[in-house]
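Every read-out reported here was derived from the displayed coordinates using simple, explicitly stated rules and does not represent laboratory data. This is a predicted model, so every value here is computed, not measured. Reconstructed Cβ throughout: ideal geometry from the backbone, glycine too, with neighbour counts over all protein chains shown.
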Amino acid sequence: MPKRVYIIHGWGGNPGEGWLVWLKNNLEGSGFKVFTPNMPDTDNPRISTWTSHLDKIVGTADKNTYFIGHSIGCQTIMRYLEQLPSDQKAGGAIFVAGWFNLTDDTWDENYTKEIADEWINTRIDFNKIKQHTHKFVLINSDNDPYVPISDAELFKNNLGAKIIFERGKGHISGEDGVIELPIALEELLKMAGKN
């Protein structure tokens, strides 16, 4: 059974942006089966629609199932793992520009506080997430204008995530000029025992 990777884009994003295509191509070159779904109503992401969409695409998760999320895609993966049946396990998850809180610089006509409030204020049961995998890596940037640096501690304390800070990559998106992300490839290969 091939190892599967699901790459989940962020709010207002799509599977063809930034480093997502580069990572998909490199993972496929390493023998993974890679899925980069278009998430529903990307400008108006909701927890129920995004997690149920991911659930439908994945089917049954197993130890050869891995997840990589960008921004709100990280939240989607956590909330997906949280609601899995107890007999389903995943290989691990990598969070890129992951957050629990957002800075005041986030809000404009596209990114409104009303949409984000649901994600920020709906509790996550970390113990349930950890029943499905113990392998987590957070890759954030030291100058992300939207994500408080202190959120990294929450990933570390709540999930035992390995924390990696990249220098000067903003929100680690195509808009920040990030079209390759070797650290994500390297960490996924390590997580999956491929190097």
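Which one is surrounded by the fewest Cβ atoms within 10 Å (Cβ to Cβ), of the residues in segment 107-126 that are among the aromatic types (Phe, Trp, Tyr) and not in a helix (DSSP H, G or I)?
Residue satisfying both the conditions and the ranking: TRP107.
Of all residues in segment 88-112, how many are charged (D, E, K, R) and either touching a Gly at 6+ places or on another chain (Cβ under 8 Å) or without any contact (Cβ under 8 Å) to a residue 40 or more places away in the chain (or both)?
Residues that pass the stated criteria total 3.
Of all the residues that make up segment 167-184, how many are surrounded by 13 or more Cβ atoms within 10 Å (Cβ to Cβ), without any contact (Cβ under 8 Å) to a residue 60 or more places away in the chain and in a loop (DSSP other than H, G, I, E, B)?
Residues flagged as surrounded by 13 or more Cβ atoms within 10 Å (Cβ to Cβ), without any contact (Cβ under 8 Å) to a residue 60 or more places away in the chain and in a loop (DSSP other than H, G, I, E, B) within segment 167-184 amount to 2.
I'd like the residue in segment 96-106 that is within 18 Å of the chain's Cα centre (by Cα) and part of a loop (DSSP other than H, G, I, E, B) and, out of all such residues, is surrounded by the fewest Cβ atoms within 10 Å (Cβ to Cβ).
Result: ASN101.
List pairs: first residue in segment 144-166 and free of Cβ contacts under 8 Å to residues at least 60 places away in the same chain, second residue surrounded by fewer than 14 Cβ atoms within 10 Å (Cβ to Cβ) and in a helix (DSSP H, G or I) anywhere in the structure, Cβ distance under 6 angstrom, at least six positions apart or on different chains.
PRO145/ASP105
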